[in-house]
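See structure below.
Read-outs throughout are calculated quantities, based only on the coordinates presented, and are distinct from any laboratory measurement. Bear in mind the structure is a predicted one, so any value in this text is a computation, not a measurement. Quick reminder, even Gly has a Cβ in these numbers, built from the backbone with ideal geometry, and neighbours come from all protein chains shown.
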Amino acid sequence: MKDFVPDLLQHLTLERLDENLYRGESRDTGGHHLFGGQVLGQSLIAASQTVEGRGAHSMHGYFLRPGDKKVPVIYEVDRIRNGRSYTTRRVVAIQHGQPIFNMSASFQVREEGIEHQIEMPDVPGPDGLPDMTELLRQAREEVSEKLSRFLARQRPIEFRPIDPTDPFEPDPRPPFRQIWFRADAILPDDPAIHKAMLAYASDYSLLGTALLPHALTFLQGTIRAASLDHAMWFHREFRMDEWLLYAMDSPSASHGRGFSRGNFFNRDGRLVASVTQEGMIRRI
């Protein structure tokens with residue numbers, strides 16, 4: 001197992017401080033603030049630590065303040081309800097004595113019911129597609145040393161975009177994007193780990209889909225952006241160490257906000273999860 005995958009697993013492992021109180025270490029992923037995916041994944045793990053025999057089926061969160069990537073995050077769990085079929089938890093992520101993120105998560109006893117799903121987009125498979133890290137390395141020849149180090153950073157999750165854009169000089173295009181991704185090593189079988197890692201990965205590229213029609217990217221340095229809220233639904237079982245297709249679109253951008261949504265499919269075409277996010281987008 002490659003070193004950065006165990007590091008991510010350790011990153012998603014929380015220290016129990018007291019009943020309903022946990023601490024998660026932070027990582028510098030190259031951005032100005034704490035990576036939102038870290039807070040999403042760790043919050044879901046914190047909620048999961050207080051639930052037995054039920055899997056998370058949805059989570060809804062609001063980003064309240066920018067996170068500090070240099071200090072740990074404290075997670076306080078409120079056991080709102082334990083029902084016969086559904087369990088609800090509320091999690092508040094705290095830094096410097098103030099809440100930076102608030103999330104509600106719902107867990108369900110496994111049961112059978114009616115089934116249907118939308119079709120997976122007809123796109124090429126991941127085999128033979130270039131990895132995003134390599135694409136960024138190729139584009140970093142004329143950037144600053146700090147940005148160059150960020151672009152070259154090895155990541156625990158391998159991303160293979162189907163139709164990549166130039167990160168510095170993109171052309172306007174419709175607000176649709178598809179990326180194959182998977183963890184870069186075999187993971188434990190615990191479904192809670194796979195869901196937390198999917199929540200972590202879901203914050204990559206999603207808000208950026210709202211920039212596509214405007215020929216903008218985060219690496220140009222011409223916009224200020226931040227996630228405002230994030231919601232996920234887990235439909236079917238999946239593994240993060242197997243290829244998943246992240247199919248994203250952005251139906252709207254207005255009033256300094258961009259709205260994006262995504263669906264996750266496995267290679268068999270089964271819809272395993274869905275996500276929505278709205279974020280602040282301002283020109284500098």
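Within the listed set Q98, Q42, Q108, the residue fluctuating most in the Gaussian network model of the chain (springs between alpha-carbon atoms under 10 angstrom) is Q98. Taking Cβ atoms as reference points and 11 Å as the exclusive limit, the residues near H32 contribute a net charge of 0, counting Lys and Arg as +1 and Asp and Glu as -1. Taking a span of 15 Å or more along the helix axis (Cα atoms) and a mean Kyte-Doolittle hydropathy of at least -1.0 as the rule, the DSSP H helices of the chain that qualify are 36-48, 191-202.
Got the relative contact order for the chain handy, in percent, Cα pairs under 8 Å and 6 or more residues apart? All intermediate terms of the calculation are to be shown ahead of the outcome.
Working: 603 pairs, mean separation 50.8, N = 284.
18 percent.
Extension gain, R110-H60: 0.36 nm per intervening residue step, less the Cα-Cα distance, totals 16.0 nm. Estimated from the Cβ-Cβ distance and a Förster radius of 45 angstrom, the FRET efficiency linking D78 and F176 is about 0.75. Across the range 212-221, rounded Karplus estimates of 3J(HN,Hα) from the backbone phi angles (6.51 cos²θ - 1.76 cosθ + 1.60, θ = phi - 60°) give 4, x, 9, 6, 10, 9, 5, 7, 6, x Hz, Gly and Pro being marked x.
First measure r as the distance between the Cβ atoms of T222 and S254, then evaluate 1/(1 + (r/R0)^6) with R0 = 25 Å and state the FRET efficiency to the nearest 0.05.
Working: r = 19 Å, r/R0 = 0.75.
After rounding, the FRET efficiency stands at 0.85.
When the Cα gyration tensor is reduced to axis lengths a ≥ b ≥ c, the ratio a/c is 1.5 or higher for the range 1-133, and with a/b not above b/c it is classed as oblate. Backbone phi angles across the range 229-238, fed through the Karplus curve with coefficients 6.51, -1.76 and 1.60 (θ = phi - 60°), yield HN-Hα couplings of 8, 7, 9, 9, 10, 9, 8, 9, 5, 7 Hz in residue order; Gly and Pro are listed as x. For the pair F4 and H96, a Förster radius of 30 Å applied to the C-beta separation gives a FRET efficiency near 0.60, rounded to the nearest 0.05.
What is the range 59-132 by shape, rounded, prolate or oblate, if you read a ≥ b ≥ c off the alpha carbon gyration tensor as root eigenvalues and call it rounded for a/c under 1.5, prolate for a/b larger than b/c, and oblate otherwise? Mind showing how you got there, number by number?
Details: a/c = 3.42, a/b = 1.23, b/c = 2.79.
The shape class here is oblate.
Taking D28, D68, D249 in turn, the Gaussian network model of the chain (Cα-Cα springs below 10 Å) assigns the largest fluctuation to D28. Of the residues E169, E76, E242, the one that moves most in a GNM of the chain with alpha-carbon contacts below 10 Å is E169.
Sorting the segments 20-26, 52-58, 198-204, 119-125 by their residues' average number of neighbouring beta-carbon atoms within 10 angstrom, most packed first, yields 198-204, 20-26, 52-58, 119-125. Near D229, the amide H atoms lying under 5 Å from its own belong to F63, E278; only residues 5 or more places off or on other chains count, and H is placed 1.01 Å from N.
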